[in-house]
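S.K.: Sharing a structure, written as structure tokens. Questions coming.
The values are calculated or read from the model by the stated rules, or taken from the named source; none is laboratory data. The structure presented is a predicted model; accordingly, all values stated were derived computationally and were not measured. For neighbour counting, all protein chains shown are included, and Cβ atoms are generated from backbone atoms with ideal geometry for every residue, glycine included.
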Amino acid sequence: MTTTPHDASKPPIVDLATWEAEREKLLLREKAHTHEGDAIAAARRRLPMVELDGTVEVTGADGPVPFLDLFQGRDELVVYQHMWHDGSPHQGQCEGCTTTAWHMKDAVYLNARGVSYAVVTTGAWDEVAPYVEFMGYTEPWYSVRGVAAPIGGQMGHIVSFLRDGDRVFLTYSTTGRGNEPVNGSLALLDMTPYGRGEAWEDKPESYPPEERPACWYWRSDADGVATWGPTSRPVPQWTRPGATPVETLGRHGDCH
């Protein structure tokens, strides 16, 4: 049997016992990271709250409804604020928001814990509704066009709310990499040898050299080739019935 020589610039090859010892050292750091995350979550639960007007109307599949209805009778609500590009075709909508919404297609575990989930966006409902149908989303979406922050306003955030009777409170909000806990694919990639394949990552010098920006694979062409060119779509869209090669991106933008 021919064995390919080991590239000495890659991590060393060791026996299982040696690997387990090194793994245990890393585990100590991982546990410390987890415990710090627990402490941050505890502090998050103690943040002060801001009272909002729960009667503010948003528009969904059943027409205008008060924001209070998004709780669906539960006491807690998590909202993802999905960016929207007016007048753009499906393939021109935000690829970053697509990854978040796609990874949270089913909220049954949140519901079982007494937490409701909804997506809001600044898009006009007559544009949003066909997009939601095309993507196959089953969780409720609402248009917050014209509604002030924090219910409306700037998008791209995950926001938590608390209901006390008919009173509504803002409790937490995050954006950017703070949204990553929703995207389980990123956590799994972080466990792989080559990681996310993004230029900013620290990795052994011999691993594939990466000059790719963050989120480089979030759009692809019909053949699955990662590209942000004019024939691309946000990756999950290719799984949708009727998705075809496109001739125009509809918009050009950066990863959110």
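S.K.: Got a number for residues in segment 35-62 being more than 25 Å from the chain's Cα centre (by Cα), surrounded by 11 or more Cβ atoms within 10 Å (Cβ to Cβ) and in a loop (DSSP other than H, G, I, E, B)?
M.R.: 3
S.K.: Next question. If you check G156, G73, G146, G87, which single one turns out to be touching a strand residue (DSSP E or B) at 6+ places or on another chain (Cβ under 7 Å), in a loop (DSSP other than H, G, I, E, B) and either on the phi > 0 side of the Ramachandran plot or at pLDDT 95 or above (or both)? First the steps, then the outcome.
M.R.: Numbers: G73 fails: touching a strand residue (DSSP E or B) at 6+ places or on another chain (Cβ under 7 Å); G146 fails: touching a strand residue (DSSP E or B) at 6+ places or on another chain (Cβ under 7 Å); G87 fails: touching a strand residue (DSSP E or B) at 6+ places or on another chain (Cβ under 7 Å).
Of the residues listed, the single one that is touching a strand residue (DSSP E or B) at 6+ places or on another chain (Cβ under 7 Å), in a loop (DSSP other than H, G, I, E, B) and either on the phi > 0 side of the Ramachandran plot or at pLDDT 95 or above (or both) is G156.
S.K.: Can you tell me which of (1) loosely packed, with under 12 Cβ neighbours inside 10 Å; (2) under 30 Å from P130 (Cβ atoms) is the one L68 doesn't meet?
M.R.: Among (1) loosely packed, with under 12 Cβ neighbours inside 10 Å; (2) under 30 Å from P130 (Cβ atoms), L68 violates only (1).
S.K.: Looking at segment 184-205 only, could you name the residues that are part of a loop (DSSP other than H, G, I, E, B) and at pLDDT 95 or above?
M.R.: Here is the first cut: in segment 184-205, the residues part of a loop (DSSP other than H, G, I, E, B) are 190-205.
Listed by number, the residues that qualify are D190, M191.
S.K.: What do you reckon, is G156 closer than 30 Å to A226 by Cα and either in contact with a His (Cβ under 7 Å, 6 or more places away or on another chain) or without any contact (Cβ under 8 Å) to a residue 12 or more places away in the chain (or both)? Walk me through how you get there before you give the answer.
M.R.: Working: closer than 30 Å to A226 by Cα: yes; either in contact with a His (Cβ under 7 Å, 6 or more places away or on another chain) or without any contact (Cβ under 8 Å) to a residue 12 or more places away in the chain (or both): yes.
Here the answer is yes, as G156 does meet what is asked.
S.K.: Here is a follow-up. Restricting to segment 101-115, name every residue that is touching a residue at least 60 places away in the same chain (Cβ under 8 Å) and either crowded, with 22+ Cβ neighbours inside 10 Å or more than 12 Å from the chain's Cα centre (by Cα) (or both).
M.R.: Residues of segment 101-115 that are touching a residue at least 60 places away in the same chain (Cβ under 8 Å), as a first pass: 102-104.
Scanning segment 101-115 gives no hits.
S.K.: Taking into account only those residues within segment 121-136 that are surrounded by fewer than 17 Cβ atoms within 10 Å (Cβ to Cβ) and assigned to a loop (DSSP other than H, G, I, E, B), which is nearest to the chain's Cα centre (by Cα)?
M.R.: Among those that are surrounded by fewer than 17 Cβ atoms within 10 Å (Cβ to Cβ) and assigned to a loop (DSSP other than H, G, I, E, B), it is G136.
S.K.: Count, please, the residues in segment 1-24 that happen to be modelled with pLDDT of 85 or more, loosely packed, with under 10 Cβ neighbours inside 10 Å and within 19 Å of P204 (Cα to Cα).
M.R.: Filtering segment 1-24 for residues modelled with pLDDT of 85 or more gives 11-24.
Now drop any that are not loosely packed, with under 10 Cβ neighbours inside 10 Å, which leaves 12-13, 15-17, 24.
Now drop any that are not within 19 Å of P204 (Cα to Cα), which leaves 12-13.
Residues flagged as modelled with pLDDT of 85 or more, loosely packed, with under 10 Cβ neighbours inside 10 Å and within 19 Å of P204 (Cα to Cα) within segment 1-24 amount to 2.
S.K.: Separate question: For the structure I just gave you, tell me whether G37 is closer than 25 Å to G178 by Cα and touching a Lys or Arg at 6+ places or on another chain (Cβ under 8 Å). Talk me through it step by step, then tell me what you get.
M.R.: On the way: closer than 25 Å to G178 by Cα: yes; touching a Lys or Arg at 6+ places or on another chain (Cβ under 8 Å): no.
The answer is no for G37.
S.K.: Is it true that some residue in segment 171-191 is crowded, with 18+ Cβ neighbours inside 10 Å and closer than 18 Å to E57 by Cβ?
M.R.: No, the conditions are met nowhere in segment 171-191.
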